[in-house]
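The values are calculated or read from the model by the stated rules, or taken from the named source; none is laboratory data. Note that the structure is predicted; figures quoted are calculated from it, not measured. Neighbour counts are summed over all protein chains in view; Cβ atoms, including those assigned to glycine, are modelled from backbone coordinates with ideal geometry. Only protein heavy atoms, including side chains, enter the accessible area calculation; ligands, DNA and RNA are left aside. Shrake-Rupley method; radii C 1.70, N 1.55, O 1.52, S 1.80 Å.
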Amino acid sequence: MSQVTTLLQTSQQQAEKQEASLVASGCSSLAKAYPDYVFGEDFKFAPIRESIVARAMIKRYWKDLETYAESDIVIVGAGSAGLTCAYYIGTRRPDLKIAIIEAGVAPGGGAWLGGQLMSAMVVRKPADAFLNEIGVPYEDEGNYVVVKHAALFTSTIMARALSLPNIKLFNATAVEDLIVKEDEKGEQRIAGVVTNWTLVSLNHGTQSCMDPNTLNAHVVVSATGHDGPFGAFCVKRLAKAKLIPALGDMRCLDMNRAEDHIVKGTREIYPGLIATGMELSEVDGRNRMGATFGAMMFSGVKAAQTALSIFDE
Ligand code: 48N
C-alpha cells in the first residue's frame, strides 16, 4: 500500500475517532451540527435591534429574581461543594426550587486548578463514584484518581447543575446576612438570605446606604469555603450574632484527617442552616487538606441528603 494511502487512512481513522468521542461526550456531531458555512462576502447574521437584546436579558433576570424570592433551598457559594450539593438535590428532587448565590462573576470557587496553579485534580477514592455519575473521565491510580484538568470537573458539574430546570444561579451576587425567624415551636431558625450585588457589597463604605434584597428559603446550605475576603461567611455571621459558639478556626494541613472530618462533619450547624465543604474547617477547627477534592464532592452530597431530610421532616 502506498504511503499516501496509509496516511489518508490513518487520518480518516483519527477523524472518525474524534467524531465518536465528541458524540460520546454529549456534543452533537460537528459535521451535522452546522451547515458547512463558507464565511464569504455575503455572510451575515439574522438582523436584531439592541432593545431586543436588552429586553431578552431583563425579562429573564427579573422574572428569575421574582420566582426565586421564595426558594425551597438556597445554596451560598458555587465552589465544588456548593455545585455538587445543587446538582445532587436538583437531580433527585426536580420539584424543589434551588437558588445558588455566588459572590464571584465566575462560579467554581477554588476548583479551577489543582494545587500551586498546577492543573490536574486529585480525587481520593471512593469519591471517584461521583465523577462516574457526572461523567468526568480520569486516570485511575489505585487509591486515588486524577482528572487531567480541574476545570474539566468544575465545568462539567457546573453544566450538569445549571442545565437543570429547577436550579438558578445568581452570580456576582453576595450573601450579606441571614434571615432568622421563630418557627411554629418558637425556636429560632434560618429562613433565608440577605443579598446584594457583590460590587455593591464591596462598596458600602463609598456610598450612602444601599439596602439589600432577600430570598426566603426553608433550608440554607452554606458552602462559602475557608476563611478569606468572602470565605466562611455564614459561620462567621452566626458566630458574630452569637447564634453558634466561637469558631474553631482552620488547622494546619493533614490530608487524611481533613477529608474524613469534612465529610463526617457535614451537618446542620444551626436550625435551617447546613455547612458543607471547607467552611466546616472554620466551624470545627479542623485541618485543611490542600489539593485533594474528594471531600468537597462527598460533603456536597451529604449536605444535599441532609437538606432533603430536613425538607422532608
Ligand atoms: O471552592 P470554595 O472556596 O469552597 P468549597 O468548600 O466548595 O471548596 C473548597 C476547596 O476548593 C478547597 O479549598 C480545597 C480543597 N483546598 C483546601 C485547602 O486546604 O486549601 O468556594 C466557595 C465559594 C466561592 O466561589 C466564593 O466566591 C463563594 O463561595 N462565596 C460567597 N458567595 C456568596 N456570598 C458570600 N457571602 C460568599 N462567600 C464566599
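Side notes on the structure shown:
- Coordinate range along principal axes, alpha carbons of the stretch 84-178, Å, largest first: 41, 30, 22
- Under 5 Å between amide hydrogens, built in the peptide plane, is the criterion, and for G192 it picks out I179, A217 among residues at least 5 positions away or on other chains.
- Helix 50-67 vs. the chain, principal-axis angle (Cα, 0 to 90°, nearest 10): 40
- Residues S119, S309, sorted by accessible area with the largest first, give S309, S119 [1.4 Å probe; ligands and nucleic acids excluded].
- Loop-resident GluC sites (Glu not before Pro) (DSSP state other than H, G, I, E or B) in the stretch 150-252 with no more than 14 further Cβ atoms inside 10 Å of their Cβ: E184, E187.
- Charge tally for G285 (other residues, Cβ to Cβ under 13 Å; Lys, Arg +1; Asp, Glu -1): -2.
- Hydrodynamic estimate: the Kirkwood radius of the chain over Cα pairs, inserted into Stokes-Einstein at 20 °C and 1.002 mPa s, corresponds to D of 100 µm²/s.
- 15 Å tail of the calculated P(r), the stretch 179-239, as % of Cα pairs: 61
- Exposed trypsin sites (Lys or Arg not before Pro) absent - longest run of the chain, DSSP non-H/G/I/E/B, at most 15 other C-beta within 10 Å: 50-147
- Averaged over residues, the count of other Cβ atoms within 10 Å places the peptides 201-214, 71-84 in the sequence 71-84, 201-214, highest first.
- For the stretch 60-114: rounded, prolate or oblate by the Cα gyration tensor [a/c cutoff 1.5]: oblate
- Helix 150-162 and the long axis of the chain differ in direction by around 70°, with both axes built from C-alpha atoms.
- Entries of K148/K264; K185/K242; K242/K264 with Cα pairs more than 26 Å apart: K148/K264
- Once the Kirkwood radius over Cα pairs is known for the stretch 207-313, the Stokes-Einstein relation at 4 °C and 1.567 mPa s delivers a diffusion coefficient of 91 µm²/s.
- Euclidean distance between Cα centres, the stretch 35-92 to the stretch 186-225, Å: 22
- L215, L164, ranked by accessible area, largest first (probe 1.4 Å): L164, L215
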